[in-house]
Structures are given as C-alpha cells and as structure tokens.
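Here the structure is laid out as structure tokens; the discussion comes afterwards.
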C-alpha cells in the first residue's frame, strides 16, 4: 500500500523537550489519529511535517517527495488546520478568500463560500469577533477549499459543541471516501478518533509509544479492574502496564483473549482509546 506520509528518524531538541527518533507511515486513503498528553510532541511533529520547524535530523516525505526540497509543490495538495491560523483576526471571510486565491492554484471560490454558508459564518464580520467554534469552522473551510489530497489537522474539533463536532467529522469522512485522500489528525477528544480513525499513533514525551489500527486497539486490548489480592496473582509478562488507584488496580492487557484463557476468573473489559492512553501515561510496568 502506498504511503502518503513517511517520517524516518525525526528528532528535534529544545531546552526542555526533545522529539526522539520518530518513525511514522500513513497509507494513502486512511485517517490516522495522533494522540498524547499536552507537551507530548504532537504539534512539534505536525509542524515538522509542514516544514514550519526543521528537525535536527531525520527525513519526511509527503506524496513520496521531500517536504523541504519540494515544499511548494507538496503544500499545493495539503489542507491545514492549526491552532494558530496565521491569518490576521482583522480580516473577514471575504478578505480571506481574496488572499487564498492568490496562494493556491486550485483555490475554489464557489466551494469556499459553500462551506461559509453551510457553517453559517458571516462574510463581513472580522475574525476577532468570531466565537472559538466559528474560528475553527472558518479554518476548516479554508483547509478544504483548494481541493487538497491530504489534510493535516491539529485539534480540529476543539471548541465545537457536540452537534458541530459531528458535522465536522462527517465532512472528514466524506473527504476520505476518495481513496486518493488521507488525513492526519491530532486530537484530545479521543472519542472522535474512535469514530473516524483507521490508525492510532500514541506519542508520549517525544517518542512514539505505539501505532496500531483502531480495531486492534479496541478489539484486542483489554482493561482489568481488580483488587490488590487479584493483582498479585497476575504475572507481569501478561500485562502492558498497571495503574494503582485508591481502592483497585487498572491493568492494561494487549491480548484480552489470551489473558482471559489464563485468568478465567478475572473480568476483562473493552477499553476506550482514552483509557489505553491514560494507563500508558500514568501506569507502571
């Protein structure tokens, strides 16, 4: 399967943080969710992909092309939503369209205003007077209006109410119906990723902890909630990590079927992506 994105051995060191040897592949036609705690390296990874910052070492290819040497060509086919839109808040939707049609060869004015209308955004109101949800919808409209093949999204449903979030997720799922299209999306709202992502990549303290298909995580992994007495009977090799709470232990299991065969009296629950992430971050081996 052809990859739309390939990251090899990407590292970037700051005074108080380091991105360490990040390797990542996103197959064409797929959605990958990028998860992790605040400061884990999600935004640094995304900005490296977009060549907003340059890594100390490593290689990034998009559509098989080097993201630095072929930056202009690559970015023609990428739609981007970042926390910072890089647009003046004293512009309105009409102003933004005039600027964007000078930047992108494939800018589609009709499509842009179709999104503006569907999102119920005012055309003449300056962006600084928008709510946070309206600002996010505007950024998404801009990202989609030059017919990109690859969306790179940093917290695109942040600040949206549940109805608006579902509306945006539907747009992303429509986008991916074209097998030439792909999405990389970071989000703290892991329940959104459970609905749309094909792959989940978990980054923590600047390192990739795991990359799995969503189905692998939700169907194969399990969580055991048990007493200390039961916990002492479970061999360390049979779980990934455990987290001690006030009255019980939370244990993350990689293969719940095999675990259940060995420990038949122990109940294994189906986890959420958020639960898996929390035990990885806060748990111990």
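Observations on the structure shown:
- Within the stretch 40-53, none of the residues are more than 23 Å from residue 148 (Cα to Cα) and surrounded by fewer than 18 Cβ atoms within 10 Å (Cβ to Cβ).
- Failed criterion for residue 187 (all others in (1) crowded, with 17+ Cβ neighbours inside 10 Å; (2) more than 19 Å from residue 140 (Cβ to Cβ) hold): (2)
Residue-wise test of (1) more than 26 Å from residue 208 (Cβ to Cβ); (2) part of a loop (DSSP other than H, G, I, E, B); (3) touching a residue at least 60 places away in the same chain (Cβ under 8 Å).
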| site | (1), (2), (3) |
| --- | --- |
| 229 | yes, no, no |
| 237 | no, no, no |
| 243 | no, no, no |
| 252 | no, no, no |
| 266 | yes, yes, no |
| 274 | no, no, yes |
| 277 | no, no, yes |
| 281 | no, no, yes |
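- Test: residue in the stretch 81-101 that is touching a residue at least 12 places away in the same chain (Cβ under 8 Å), in contact with a strand residue (DSSP E or B) (Cβ under 9 Å, 6 or more places away or on another chain) and crowded, with 18+ Cβ neighbours inside 10 Å: yes
- Evaluation of residue 10 against the conditions (1) within 19 Å of residue 210 (Cβ to Cβ); (2) touching a helix residue (DSSP H, G or I) at 6+ places or on another chain (Cβ under 8 Å); (3) surrounded by fewer than 17 Cβ atoms within 10 Å (Cβ to Cβ) shows that the sole unmet condition is (3).
- Among the candidates 10, 34, 19, residue that is at pLDDT below 95, more than 17 Å from residue 180 (Cβ to Cβ), part of a strand (DSSP E or B) and in the same structural domain as residue 183 (by TED's automatic domain parsing): 19
- Selection of the stretch 69-80 for residues being surrounded by 13 or more Cβ atoms within 10 Å (Cβ to Cβ) and not in a helix (DSSP H, G or I) yields 70, 76, 77, 78, 79, 80.
- Selection of the stretch 40-53 for residues being assigned to a loop (DSSP other than H, G, I, E, B) and without any contact (Cβ under 8 Å) to a residue 40 or more places away in the chain yields 51, 52.
- Filter pass, residue 282 being over 20 Å from residue 38 (Cα atoms) and either at pLDDT 90 or above or surrounded by fewer than 18 Cβ atoms within 10 Å (Cβ to Cβ) (or both): no
- Condition met for residue 220 (surrounded by fewer than 19 Cβ atoms within 10 Å (Cβ to Cβ), without any contact (Cβ under 8 Å) to a residue 60 or more places away in the chain and within 26 Å of the chain's Cα centre (by Cα)): yes
- The condition of being outside any strand (DSSP E or B), in contact (Cβ under 8 Å) with a residue 24 or more places away in the chain and surrounded by 15 or more Cβ atoms within 10 Å (Cβ to Cβ) does not hold for residue 5.
- In the stretch 155-170, residue nearest to the chain's Cα centre (by Cα) [restricted to those that are surrounded by 18 or more Cβ atoms within 10 Å (Cβ to Cβ) and farther than 18 Å from residue 36 by Cα]: 169
- Filter result for the condition that a residue is loosely packed, with under 15 Cβ neighbours inside 10 Å and under 18 Å from residue 264 (Cβ atoms), over 235, 228: 235
- Test set (1) touching a helix residue (DSSP H, G or I) at 6+ places or on another chain (Cβ under 8 Å); (2) more than 30 Å from residue 191 (Cα to Cα) - residue 59 fails condition number: (1)
The values are calculated or read from the model by the stated rules, or taken from the named source; none is laboratory data. Predicted, not measured: the structure shown is a model, and the values here were computed from it. Glycine gets a Cβ as well: all are built from the backbone with ideal geometry, and neighbour counts include every protein chain shown.
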